[in-house]
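Input: a single structure, listed below in C-alpha cells.
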Amino acid sequence: MATTAAARSTTTLWSKIKKTPIQHPLMFGIVLSTFKTSLSDLLVQTVIEKKEKIDWKRNAAFASFGCFYLGGVQYAIYVNGFQRLFPSAASFAAKSVREKLKDPKGIRNLFGQVFLDQAIHHPLMYFPAFYITKEVVMSDKPDIMKVLSEYRSNMSEDVWALWKVWVPSTFINFAFMPMHLRIPWVAGTSLIWTCILSAMRGGDIGRSDDVAMGQISGASMKIMTERISDIWCGPVELDKDLCHLCVSCNGAHKIGWVALLARIVSENGGNVTHSKMIHLGTDFTVLMHVSAQPEQAEKLKKAILSNKELSTLEPRVSGLTRYEKQPPPTLGFRIHCVGEDRPGILAAIASELSKKRLSVENITTELRLNTATQKREFVINADCITRVQMDDDRRQDFVNDLIKVKNELNLDVMDILVHTGTQR
C-alpha cells in the first residue's frame, strides 16, 4: 500500500510539473531564461575565464537581462505578437509533417515568422540590447554611443553568424514547438551553444564577454571556426610589399618614452604592429615590429637612431626578411599553462615543443599574484605550428606528452587547442 501511494504521489507531482509550462507559460519562460543566462555566465567565469571567485554582481546583471528581455520581451514577440500576426501559428505547429506540407498558407506564415525574427527583431532590437547590456556590465565606464557604433561596425558579421545557427533552430521552433515551449527552445539552444564554446575554449578569455550570455555573435562564431591563420598571422608575411623593421631599446625608465618613440615612427611613415614595452625595475625595455613603405624605411631608421633624446635608450633597428617560399602550416597548437612559479617551467614546455619539431610563432610569459592563495603564478601562452603532416595518433601522442609535463611540473592549468589548416 505504501509503495502504491508513493507511486501515485510521484505520478501526481510529475503531472503537475508537466502542466506548469502550459498553465503558466510566461512565468515558466522567464524563470527558465533567467536560470539559463545565469548558468551561461557561470560557465564562462569558471570554465573559460578560470575565475576562482564568482563575480555575483555581474552574474545577477546578466540574469536580469535573461529575465526581462529573453524571458519577457521575447515572450511578447514570439507568443503574443506572432499569435496576433499569424493566428494559425499554434495550430500549424500542432500538425504532423504530412499535414504541414499540405498547408501552403501555414508554410508562408512560418517563413514570415522566421523573417520577422531574424531580419527585424534580432538586428534592430536584440543585438542593440545585447551590446548595451554587455557594455554596462563589463565596462567600468560604459559608453552607450560607442558600443552602438561598435555594433554597427560588427552588424554584418554578427547577423551572418546568428543566421548560421538560429535560422535552422527558429524554423524548428516555429514549425514544431507549441506556443508555451517557444521560449524554452530558445533558452535551450543558447545554453547548448555556451556549453560547446566553454568546452572548446576553457582558459581562453580573449572573447569571454561575447560568450557570457550565450549569444551567437560574430565574435563567438569565430571561436568555433578559428583556423591557424587566425591564431597567428605574422606581419612580415601579411604585408608582402612593405619593408619590415625590428626596433629594440633598453635604458633608464622615464615617463614619455612610449609617446616619443611612437611619434617618431608615425611622423616618418612607419606603422607599429606587434610590440612589447615594459617597465622592469629601473629600466624600460622596448621590442616592436614596424612596417613602412620601401622608400620611407631608411628615413625612418635614421630618425630613430639619430634622435638625441631617444639615444639614452640605445635604440637598435634591424631589417626583417620574408620567407620567399614557405609551405602552409598543417596544424597549429595554442597552449595556455598556469602553475606556481618556480624555475624550469618554460624550459620544460619549450623542450617538449622542440622535440616535436614545432615552430614557436609567438610565446609570452608573465608572473602574477593569485589573490586567493597569495602565491605567485607563472603563466605561459604559446602559439606553435608545424608543416609536417600529423595523423590523429601522432597528434594525440603530442597532447599526451604535454599532459605528462603538466603532471610532472604540477601545473594548475594546461589548455591545449588544436587548429587544423583547413580553409573555410
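One table, with the values for the structure above:
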| quantity | calculated |
| --- | --- |
| Per-residue ³J(HN,Hα) for the stretch 373-390, Karplus 6.51 cos²θ - 1.76 cosθ + 1.60, θ = phi - 60°, Hz, x for Gly and Pro | 9, 6, 10, 7, 10, 9, 10, 10, 10, 10, 10, 10, 9, 9, 9, 9, 5, 10 |
| At R0 = 60 Å, FRET efficiency that the Cβ-Cβ distance of D241 and L26 yields, to 0.05 | 0.50 |
| Gain in span if fully extended, S96 to S156, counting 0.36 nm per residue against the direct Cα distance | 18.0 nm |
| Calculated from backbone phi, Karplus (6.51, -1.76, 1.60) coupling profile of the stretch 291-300 in Hz, x at Gly/Pro | 10, 7, 5, x, 6, 9, 4, 5, 4, 5 |
| Chymotrypsin sites (Phe, Trp or Tyr not before Pro) within the stretch 246-323, DSSP loop, no more than 10 other Cβ atoms inside 10 Å | Y323 |
| Greater than 23 Å apart at Cα, pairs in K240/K356; K19/K105; K19/K95; K276/K356 | K240/K356; K19/K105; K276/K356 |
| Total formal charge among the other residues, if their Cβ is under 14 angstrom from that of H122, Lys/Arg +1 and Asp/Glu -1 | -2 |
| Stokes-Einstein D for the stretch 293-414, Kirkwood Rh over Cα pairs, 37 °C, 0.692 mPa s (µm²/s) | 185 µm²/s |
| Approximate spin-label separation M277-V388, in nm, with each point projected 7 Å along Cα-to-Cβ | 4.0 nm |
| Net charge of neighbours whose Cβ lies under 12 Å from the Cβ of F92, counting Lys and Arg as +1 and Asp and Glu as -1 | +3 |
| Straight-distance crosslink candidates among lysines, where the alpha carbon sits under 26 Å from K134 and sequence neighbours closer than 8 are dropped | K36, K50, K51, K53, K57, K146, K164, K222 |
| Extended-chain gain in nm, criterion 0.36 nm per residue less alpha-carbon gap, A252 and T330 | 23.7 nm |
| Whole-angstrom gap from the stretch 330-374 to the stretch 113-192, using each part's C-alpha centre | 37 Å |
| Accessible-area ranking of E295, E352, E237, E314, largest first, probe 1.4 Å | E295, E314, E237, E352 |
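The values are calculated or read from the model by the stated rules, or taken from the named source; none is laboratory data. It should be emphasised that the depicted structure is a prediction, and the values quoted were computed from it without experimental measurement. Virtual Cβ from ideal backbone geometry, glycine too; neighbours counted across all protein chains shown. Quick note on the areas: whole protein, heavy atoms, side chains included, nothing else; ligands and nucleic acids left out. Shrake-Rupley method; radii C 1.70, N 1.55, O 1.52, S 1.80 Å.
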